[in-house]
1. Given the structure, is Gln182 in contact with a Gly (Cβ under 9 Å, 6 or more places away or on another chain) and at positive phi?
2. With respect to the numbered conditions (1) closer than 21 Å to Gly277 by Cα; (2) part of a loop (DSSP other than H, G, I, E, B); (3) away from the ligand (no atom under 16 Å from the Cβ), which one is the sole condition not fulfilled by Leu49?
3. Looking only at segment 53-64, which residues are farther than 21 Å from Lys125 by Cβ and away from the ligand (no atom under 16 Å from the Cβ)?
4. Is there any pair linking a residue in segment 21-39 that is β-branched (Val, Ile, Thr) to one that is away from the ligand (no atom under 16 Å from the Cβ) and modelled with pLDDT under 90, with Cβ under 9 Å and at least six apart or on different chains, and which?
5. For segment 52-74, which positions are within 14 Å of the chain's Cα centre (by Cα) and in a loop (DSSP other than H, G, I, E, B)?
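The values are calculated or read from the model by the stated rules, or taken from the named source; none is laboratory data. Here the structure is a predicted model, which means the values were calculated and not measured. Neighbour counts are summed over all protein chains in view; Cβ atoms, including those assigned to glycine, are modelled from backbone coordinates with ideal geometry.
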Amino acid sequence: MNWITKIIKAGEKIKTAIHKRASKEDIANSDWTSCCKGPILKKDLEKNLWVCPDCNKHHRIKPNQRFDILFGKNNYEIFRTPIPKDDPLEWSDSKSYKDRLKSARKKTGLNCGMMVVAGSINNIKVTAVASDFDFLGASMAAAEGEAFLYGIQYAIENNTPFLCISAGGGMRMMESLISLSQMTRTTLAINDLKAKNLPYVVCITDPTAGGITASYAMLGDIHIAEPGALIAFAGARVIQGTVKEELPEGFQKSEYVEKTGFIDLIVERKKLSEKIGTLLSILLKKNSAISTDENEITQDTQSLSKVAS
Ligand SMILES: [Zn+2]
């Protein structure tokens, strides 16, 4: 190799290094992420509970970050939930389902996409579940169904309200009907909870779609959503293709579905814990102002509308 070739080769290497596209992994491991004004330091975003100070975008967060905000840092008990047999249908597409599960577990540190914990808000013990979007899009399959049922069972046995922080694209296709059957299983479990008069509160986060919207995320006594969350069954492109009409602005976002009565209220992340605490106090009739028998219903209604306003 003569000196001219060496210089050309070195130049090419530098060019490749500059133009090399950052992989998803590079972005995930870097100190930076991006929002409306370009790059933003993750630690600055974290100080603001992962909400952009400029555009108020509520960035997606992991279940442990969510529980740290709701219950206080590490101030909750994490449960190990049953894990059914992996890959019951021996599914394979461009990659085997077993390999996909392996990478999702490595990426999130979770055994399945749903985390179950018990913590306290306003001195009220709460059982809660939250999903991790980094675990195969927080889709629901047998393991997540088991986690949800474990949480409900714990809530019933310990007489606590149940809080579901919903997220996910729907039922996981790699487990086909086994995934779809989780819609029925979670619905029946919620009925058991309600039969014990225990509150079921749903906090919908971005994105909540498909079979998740069509089952457990829409069966709450109260439905709260974070600002700007996508809440849908079918995707907007599919709907537009079917109805052949231009869809309204903000279609399927929290603000739009609140107007159409799909959800009860939109709450900013920094106020979620306080608002959920107030709602649970009302639902459990722990608020002394609503405990008199004769005006219980009227007062409940008034208190709920005050919270919603
Ligand atoms: Zn922003």
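1. Spelling it out, it is not the case that Gln182 is in contact with a Gly (Cβ under 9 Å, 6 or more places away or on another chain) and at positive phi.
2. (3)
3. Passing the criteria: only Lys62.
4. Close Cβ pairs satisfying both conditions: Thr33/Ile27.
5. Residues satisfying the conditions are His59, Arg60, Ile61, Lys62.
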